[in-house]
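Each remark here refers to the structure printed beneath this line.
The values are calculated or read from the model by the stated rules, or taken from the named source; none is laboratory data. Quick caveat: nothing in here was measured; it's all calculated off a predicted structure. For neighbour counting, all protein chains shown are included, and Cβ atoms are generated from backbone atoms with ideal geometry for every residue, glycine included. Ligands, DNA and RNA are stripped out before the accessible areas are found, and what is left, the full protein with its side chains, is counted by its heavy atoms. Shrake-Rupley method; radii C 1.70, N 1.55, O 1.52, S 1.80 Å.
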Amino acid sequence: MRVIIVKDYDAMSKLAAKFIREQMEVKPNLVLGLATGSTPLGLYKELIRMHKEEHLDFSKVVTFNLDEYIGLPKDHPESYYSFMWDNLFKHINIPESHIHIPDGTIVTPEEIESGRLPIRKIEAYCEWYENEIKKYGGIDIQVLGIGRDGHIGFNEPGSSLGSRTRIKTLLEVTRRDNARFFDGDINKVPKYALTMGVGTIMEAKTLLLLASGENKAEAIKMTVEGPVTARYPATIIQLHPKAIVIVDEPAASQLEYEYERA
Ligand code: GLP
């Protein structure tokens, strides 16, 4: 694992964008795994700037998003579909047919809660999503944020470290953290999500995990220096042959050992 500590959020975002750009120069049809949340916003802004000012070309790039809420229509302002279009896709020249975001409308929260799950439909959809990734030769770079509880995608603590794309129930800590996007009201935050599994994420050729701010310090300490455990799903990246962790100083503040600085 390569751990790089940078000064602040801006430096983290720029370094991540530079890395992606370099890979796009080598492989214009790069398959990118993308994340949502506040962490990658600066990275997306920088990629947009590179596209607009330096003609970075996304016409051959293919993307797969990690996850999506269940229970929000696609056009809901807080769906990850809206997030990705507003914060990246509509500003770059990626063809719509190259974009993949899990469809959180294949099942409703009511179906989940009533126990009348359209299991075949869900399984078929999840399998299709995984097969699409394979069809493009797998994900070259998977961008990851991290939840305070150590989740990646929406793989909450206790997730099987070999899990595949499936439905997960969100923990209260995650819903509380994400309430800031829903008028501060936890009751408006969906309870379920569709997410790539930990095993799916681990198949990406490179993992690029980003974290900023002191509220991520404990999760980063566990991810980098803790034992591999389903209690903190992100710790699995210690087993990945090519995982890069870019953290700013506050997020790195609980790390015990010395790491690369940029
Ligand atoms: C969300 C997303 C994750 C994200 C994480 C951290 O719930 N599903 O992909 O990495 O939580 O979010 P943020 O970057 O806003 O702290």
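The residues listed here are 174, 200, 169; of these, the one that is surrounded by fewer than 18 Cβ atoms within 10 Å (Cβ to Cβ), within 14 Å of the ligand (Cβ to nearest atom) and hydroxyl-bearing (Ser, Thr, Tyr) is 169.
Of all residue pairs spaced 6 or more apart or on separate chains, those with beta-carbon atoms under 8 Å, a first member in the range 57-80 that is on the phi > 0 side of the Ramachandran plot and a second member that is more than 13 Å from the ligand (Cβ to nearest atom) are 71/108; 71/109.
Filter the range 22-32 down to residues that are charged (D, E, K, R) and either open to solvent by less than 50 Å² (accessible area, probe 1.4 Å) or without any contact (Cβ under 8 Å) to a residue 24 or more places away in the chain (or both) and give me whichever is farthest from residue 62 (Cα to Cα).
22
Here residue 45 fulfils each of the conditions (1) open to solvent by less than 60 Å² (accessible area, probe 1.4 Å); (2) more than 12 Å from the ligand (Cβ to nearest atom); (3) within 18 Å of the chain's Cα centre (by Cα) apart from (1). Each residue in the range 203-213 was checked for being surrounded by fewer than 24 Cβ atoms within 10 Å (Cβ to Cβ) and away from the ligand (no atom under 13 Å from the Cβ), and 3 pass. Return yes or no: is residue 213 at pLDDT 95 or above and at positive phi? Yes; evaluated as a whole, the condition is true for this residue. Residue 87 falls short on exactly one of the conditions (1) more than 22 Å from residue 123 (Cα to Cα); (2) open to solvent by 30 Å² or more (accessible area, probe 1.4 Å); (3) away from the ligand (no atom under 13 Å from the Cβ), and that condition is (3). Of the residues screened, residue 216 is not one that is within 23 Å of residue 43 (Cβ to Cβ) and more than 11 Å from the ligand (Cβ to nearest atom). With respect to the stated conditions, residue 35 fails to be surrounded by 18 or more Cβ atoms within 10 Å (Cβ to Cβ), touching a residue at least 24 places away in the same chain (Cβ under 8 Å) and over 28 Å from residue 167 (Cα atoms). Here the range 105-158 is the region considered, the condition is being closer than 15 Å to residue 196 by Cα and among the aromatic types (Phe, Trp, Tyr), and the residue that is nearest to the ligand (Cβ to nearest atom) is 154.
Restricted to the range 51-83, and to residues there that are buried (at least 19 other Cβ atoms within 10 Å of the Cβ) and more than 30 Å from residue 110 (Cβ to Cβ), the residue that is farthest from the ligand (Cβ to nearest atom) is 56.
Given the condition touching a helix residue (DSSP H, G or I) at 6+ places or on another chain (Cβ under 8 Å), farther than 23 Å from residue 135 by Cβ and not aromatic (Phe, Trp, Tyr), answer yes or no: does some residue in the range 19-29 qualify? Break it down into steps so the answer makes sense when it comes.
Within the range 19-29, the first condition is being touching a helix residue (DSSP H, G or I) at 6+ places or on another chain (Cβ under 8 Å), and the residues that meet it are 20-21.
Of the ones still in play, those that are also farther than 23 Å from residue 135 by Cβ are 21.
Checking which are not aromatic (Phe, Trp, Tyr) leaves us with 21.
Scanning the range 19-29, I find at least one residue that is touching a helix residue (DSSP H, G or I) at 6+ places or on another chain (Cβ under 8 Å), farther than 23 Å from residue 135 by Cβ and not aromatic (Phe, Trp, Tyr), so the answer is yes.
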